[in-house]
């Protein structure tokens with residue numbers, strides 16, 4: 001008779017934490033799936049789904065053109081064969097050239113390790129830094145998946161509470177968390193979920209603090225700059241390139257948002273020469289990628305990016321949604337910092353509790369994400385990467401909700 | 001003054017193991033890169049490179065056709081948008097249908113978790129099983145990357161020595177390694193590097209042993225079936241589908257070899273319903289994938305496999321190389337088990353030491369991989385996924401080498 005199991009519940013056949021992470025969904029996915037189910041009942045046009053941060057503008061035409069030309073013109077073994085573990089030299093060169101041109105840097109192709117999007121780059125950086133008792137600091141509000149990425153790759157997550165006035169950084173709180181175990185501070189600007197861009201002044205102050213603290217503790221404290229929204233900015237706002245302000249920076253990037261290709265999963269970790277122990281840190285990141293079985297990112301996407309790294313998105317639709325929603329919601333009495341980046345609006349729940357507000361909104365088929373998982377429970381996030389028509393039709397519901405609350 | 005670092009050598013800024021894994025290359029990559037350098041000096045036609053297991057036949061025409069049609073016909077947001085974490089339902093259905101048709105199984109789409117090739121599926125399975133003191137057994141000769149995949153994802157690697165007569169399984173040695181900490185046994189058939197396919201008899205004996213031992217230790221001992229070479233077989237040899245023989249099997253697969261698309265990185269972990277605690281194990285694998293940042297495998301590759309899962313390779317070139325090399329080398333006096341799968345020939349070093357033999361061969365610009373890293377140091381591996389012309393031109397060198405040794 002074959003063993004038919006059932007030990008997990010009482011003993012330890014699987015790793016409990018992995019099981020739980022694979023069993024649970026974050027609040028965004030839960031709401032999103034609720035929306036799909038409800039849409040099947042009430043009709044798609046009657047659901048106002050502001051949950052998901054999924055690009056809603058098509059990829060630039062150049063992306064498909066590049067992919068088709070690669071498929072038609074290159075020989076099969078070159079298109080579909082293994083790339084080097086760290087990625088094709090031509091792809092990494094195109095990325096370095098693009099950044100150097102924009103930021104006056106001197107990056108070389110071998111500062112880059114190509115990955116399947118920014119998340120694997122982030123996780124590999126965490127793994128590389130996960131020495132005994134390592135701590136990594138995040139600044140609220142923060143992308144909810146940072147928690148498993150940090151905690152399950154060997155580091156302790158420490159959180160700086162949100163600056164709910166301007167969504168910059170509460171430096172006193174940050175300073176009190178920095179200690180000899182601090183390996184890195186995560187910076188995500190333009191920010192998900194706040195839509196705010198850290199100013200040059202904020203970043204310079206951060207660099208000054210980390211430089212001083214690195215000297216105090218006797219080792220570099222890195223910035224992990226998670227920058228998938230780098231090119232999504234409005235009103236001509238500057239997004240400083242962090243390595244030019246603080247050399248001990250590991251950049252994690254994805255083309256998901258910029259080129260509307262989140263499904264294609266292409267990004268990189270960049271360790272500039274100026275970072276402390278640059279070459280060794282790069283190798284530790286490469287080793288961390290290797291032990292997850294994730295080297296040699298998909299070749300067709302790499303070949304496409306070698307041809308498309310310089311393309312920029314047409315942000316008109318996001319910008320229009322951003323303006324319309326910000327103006328309308330604040331005119332109704334909602335409080336929000338005007339977002340100048342990414343594709344989110346982060347709004348104070350008018351009843352003071354975003355979870356309750358989200359439930360109220362859900363009854364009206366309006367889906368917004370409560371800020372709890374972002375470390376900021378009095379705010380909710382509304383994505384602006386949505387259909388402009390849906391934005392227009394949703395405004396009366398936003399108005400109705402705040403009027404209900406304010407009686 | 002900015003901190004300019006340098007603590008790693010004396011203290012612990014990075015994880016030492018990750019640094020080392022990112023700093024070192026395995027013997028295959030070292031030889032391969034040596035070959036490229038030497039080719040630049042002596043000419044590509046004068047290097048006889050049998051190191052790399054990289055498909056040398058083009059992908060079936062259907063693959064490019066499917067990709068181009070997806071790019072031309074589907075709308076951008078559907079092609080390039082995020083897929084579900086576990087992969088597109090249509091892709092998983094196509095994979096299930098193909099296997100069900102061939103093996104009479106009843107797999108459903110939700111038994112599959114799509115990954116970037118077999119390696120990430122393997123690593124996620126290891127992570128999911130990595131409870132305290134977990135051990136995973138590999139059978140020599142084995143793919144060299146199993147060691148970091150197992151050891152750096154929380155398990156202890158135990159090795160069954162090679163059966164150098166037939167390259168099946170030394171069951172007495174396997175049985176002596178099985179204990180209450182054993183979570184899984186890795187089966188890789190058709191085998192890299194031996195090119196041997198495990199017979200149905202071998203697999204049935206393995207199933208009987210693991211069933212008995214699972215009962216003894218009180219929990220299931222899984223098989224992790226790493227099957228990237230499943231369709232690469234010759235002489236009409238049968239490759240039994242292991243879940244039909246032993247239900248507690250996790251299948252890891254990649255389309256890399258079968259469809260000559262190693263660079264595109266598409267594969268899956270499959271947990272059949274019949275496996276003990278199937279649904280929970282699947283979730284633990286999903287959680288393990290999530291914490292490396294690797295969910296939602298690349299969409300274009302998924303869309304292509306939804307259309308191409310039924311395609312099979314034209315193996316004529318591999319088969320021809322296999323026959324020519326096996327016949328020639330054994331006629332010169334080399335000893336080898338006739339391979340019937342994959343694209344490798346595993347040959348006893350005529351001087352008894354494959355590392356020394358590989359060095360001797362290197363002086364003649366003939367590159368073969370010593371078996372040390374495969375756990376079988378008296379054999380060398382020669383890939384047959386190479387140019388037939390190179391095979392023909394290399395034969396006199398193989399002859400010269402054995403004649404030198406035999407005086």
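The values are calculated or read from the model by the stated rules, or taken from the named source; none is laboratory data. For clarity, every value in this text was computed on a predicted model and none was experimentally measured. No Cβ is skipped: glycine too gets one built from the backbone with ideal geometry, and neighbour counts run over all protein chains shown.
Against the definition (farther than 22 Å from residue B:256 by Cβ and either touching a helix residue (DSSP H, G or I) at 6+ places or on another chain (Cβ under 7 Å) or not in a loop (DSSP other than H, G, I, E, B) (or both)), how does residue B:41 come out, yes or no?
Working: farther than 22 Å from residue B:256 by Cβ: yes; either touching a helix residue (DSSP H, G or I) at 6+ places or on another chain (Cβ under 7 Å) or not in a loop (DSSP other than H, G, I, E, B) (or both): yes.
For residue B:41, the condition - farther than 22 Å from residue B:256 by Cβ and either touching a helix residue (DSSP H, G or I) at 6+ places or on another chain (Cβ under 7 Å) or not in a loop (DSSP other than H, G, I, E, B) (or both) - is met.
If residue A:221 satisfies every condition in (1) over 22 Å from residue A:53 (Cβ atoms); (2) surrounded by fewer than 23 Cβ atoms within 10 Å (Cβ to Cβ); (3) touching a helix residue (DSSP H, G or I) at 6+ places or on another chain (Cβ under 7 Å) but one, which is the exception?
The one condition residue A:221 does not meet is (2).
Answer yes or no: is there a residue in region B:249-266 that is within 8 Å of chain A (Cβ to nearest Cβ), on the phi < 0 side of the Ramachandran plot and out of contact with any helix residue (DSSP H, G or I) (no Cβ under 8 Å at 6 or more places or on another chain).
Checked against the condition, which is being within 8 Å of chain A (Cβ to nearest Cβ), on the phi < 0 side of the Ramachandran plot and out of contact with any helix residue (DSSP H, G or I) (no Cβ under 8 Å at 6 or more places or on another chain), region B:249-266 yields no hits at all.
Scan region A:177-187 and give yes if some residue there is out of contact with any strand residue (DSSP E or B) (no Cβ under 7 Å at 6 or more places or on another chain), in the same structural domain as residue A:141 (by TED's automatic domain parsing) and over 26 Å from residue A:124 (Cβ atoms), otherwise no.
Scanning region A:177-187 turns up no residue that is out of contact with any strand residue (DSSP E or B) (no Cβ under 7 Å at 6 or more places or on another chain), in the same structural domain as residue A:141 (by TED's automatic domain parsing) and over 26 Å from residue A:124 (Cβ atoms).
Does residue B:355 satisfy the condition of being modelled with pLDDT of 95 or more, out of contact with any strand residue (DSSP E or B) (no Cβ under 6 Å at 6 or more places or on another chain) and surrounded by fewer than 18 Cβ atoms within 10 Å (Cβ to Cβ)? Quick ask: steps written out before the conclusion?
Numbers: modelled with pLDDT of 95 or more: yes; out of contact with any strand residue (DSSP E or B) (no Cβ under 6 Å at 6 or more places or on another chain): no; surrounded by fewer than 18 Cβ atoms within 10 Å (Cβ to Cβ): yes.
Answer is no for this residue.
For region A:282-310, what are the residues that are under 20 Å from the mean Cα position of the chain (by Cα) and surrounded by fewer than 22 Cβ atoms within 10 Å (Cβ to Cβ)?
Within region A:282-310, A:309 is the sole residue that qualifies.
Could we say that residue B:269 is modelled with pLDDT of 95 or more, in contact with a strand residue (DSSP E or B) (Cβ under 7 Å, 6 or more places away or on another chain), buried (at least 24 other Cβ atoms within 10 Å of the Cβ) and assigned to a loop (DSSP other than H, G, I, E, B) here? Break it down stepwise before answering.
On the way: modelled with pLDDT of 95 or more: yes; in contact with a strand residue (DSSP E or B) (Cβ under 7 Å, 6 or more places away or on another chain): yes; buried (at least 24 other Cβ atoms within 10 Å of the Cβ): yes; assigned to a loop (DSSP other than H, G, I, E, B): no.
Judged against the criteria, residue B:269 is not a match.
Return yes or no: is residue B:276 surrounded by fewer than 23 Cβ atoms within 10 Å (Cβ to Cβ), part of a loop (DSSP other than H, G, I, E, B) and within 7 Å of chain A (Cβ to nearest Cβ)? Before the answer, list the steps.
Values: surrounded by fewer than 23 Cβ atoms within 10 Å (Cβ to Cβ): yes; part of a loop (DSSP other than H, G, I, E, B): yes; within 7 Å of chain A (Cβ to nearest Cβ): yes.
Yes.
Considering region A:389-399 alone, what residues qualify as being in contact (Cβ under 8 Å) with a residue 12 or more places away in the chain, out of contact with any helix residue (DSSP H, G or I) (no Cβ under 6 Å at 6 or more places or on another chain) and surrounded by fewer than 21 Cβ atoms within 10 Å (Cβ to Cβ)?
Within region A:389-399, A:390, A:392, A:393, A:397 qualify.
Which of the numbered conditions does residue A:166 fail, given that it passes all the others? Conditions: (1) assigned to a loop (DSSP other than H, G, I, E, B); (2) crowded, with 16+ Cβ neighbours inside 10 Å; (3) more than 10 Å from chain B (Cβ to nearest Cβ).
Unmet condition: (2).
Under 21 Å from residue B:153 (Cα atoms) and without any contact (Cβ under 8 Å) to a residue 12 or more places away in the chain, is that true of residue A:145? Can you show your working first?
Values: under 21 Å from residue B:153 (Cα atoms): yes; without any contact (Cβ under 8 Å) to a residue 12 or more places away in the chain: no.
No: the conditions fail for residue A:145.
Looking at residue A:8 and the list (1) modelled with pLDDT under 90; (2) not in a loop (DSSP other than H, G, I, E, B), which single condition is not satisfied?
Looking at each condition in turn, residue A:8 falls short on (2).
Answer yes or no as to whether residue B:23 is within 12 Å of chain A (Cβ to nearest Cβ), surrounded by fewer than 16 Cβ atoms within 10 Å (Cβ to Cβ), closer than 30 Å to residue A:133 by Cβ and touching a helix residue (DSSP H, G or I) at 6+ places or on another chain (Cβ under 9 Å). So that I can check it myself, show each step before the final result.
Numbers: within 12 Å of chain A (Cβ to nearest Cβ): yes; surrounded by fewer than 16 Cβ atoms within 10 Å (Cβ to Cβ): yes; closer than 30 Å to residue A:133 by Cβ: yes; touching a helix residue (DSSP H, G or I) at 6+ places or on another chain (Cβ under 9 Å): yes.
When the stated conditions are applied, residue B:23 passes them.
Quickly run through region B:169-189 and pick out the residues that are more than 14 Å from chain A (Cβ to nearest Cβ), touching a residue at least 40 places away in the same chain (Cβ under 8 Å), over 17 Å from the mean Cα position of the chain (by Cα) and not in a loop (DSSP other than H, G, I, E, B).
B:177
If we keep just the residues of region A:267-280 that are touching a residue at least 60 places away in the same chain (Cβ under 8 Å) and touching a helix residue (DSSP H, G or I) at 6+ places or on another chain (Cβ under 7 Å), which is farthest from residue A:59 (Cα to Cα)?
Top of the filtered list is A:273.
If you go through region A:188-208 one residue at a time, how many are closer than 29 Å to residue A:349 by Cα and crowded, with 22+ Cβ neighbours inside 10 Å?
Looking only at that region, the number is 12.
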